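As structure tokens, the structure follows; a few thoughts come after it.
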Amino acid sequence: MLKEAVICIVIIIGILGLEFYTQNFTSKSVKEITEIFDKIEERLEENNVEDAKNEIKKISRKWEENQKKLAYYIEHDELEKVHTAIVLMKSYTETEDFSSAMASLKEGKFVIEHIHEKNSFNLQNIF
């Protein structure tokens, strides 16, 4: 009986540990990506195209790094929506269609925040 109790406790601690790790990683990733989205938004509002393109390259690299780890425990459709928004924002900025770039930016920002809310450990998501 003691052996089974110890095994159950170890399993529960392992699950809680992994949940804590994924929550922290998701929060950190969302914060970083959202900050870069905000910088891009500022640059596009200022019509500072070169800085916006640099920030878009930065967000593309950061997203590629984080997406590989996020794909282990987040739905791929949600991640694909963010990736699509980033690619569209990049192409619209290169063609200098800033209104469409802003729309893609807002969509990507909304989806990344939705991913965070959807996967956060709170009472609403448990029930």
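The values are calculated or read from the model by the stated rules, or taken from the named source; none is laboratory data. Values in this document were obtained by computation on a predicted structure and should not be read as measured data. When we count neighbours, we look across all protein chains shown, and the Cβ atoms used for this are built from the backbone with ideal geometry, even at glycine.
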Does ARG61 fit the bill of being of a type in the set (D, E, K, R), in contact with an Asp or Glu (Cβ under 9 Å, 6 or more places away or on another chain) and either on the phi < 0 side of the Ramachandran plot or surrounded by 13 or more Cβ atoms within 10 Å (Cβ to Cβ) (or both)?
-> no
Does region 60-83 hold any residues that are of a type in the set (D, E, K, R) and part of a helix (DSSP H, G or I), and which are they?
-> ARG61, LYS62, GLU64, GLU65, LYS68, LYS69, ASP77, GLU78, GLU80, LYS81
Kindly indicate the residue of region 80-114 that is touching a Leu at 6+ places or on another chain (Cβ under 7 Å) and surrounded by fewer than 19 Cβ atoms within 10 Å (Cβ to Cβ) and also nearest to SER29 (Cα to Cα) among those meeting that condition.
-> MET102
Considering GLU113, GLU117, which residue is modelled with pLDDT of 90 or more, part of a helix (DSSP H, G or I) and among the charged types (D, E, K, R)?
-> GLU113
Unmet requirement for LYS53, which otherwise passes all of (1) closer than 18 Å to THR34 by Cβ; (2) part of a helix (DSSP H, G or I) | (1)
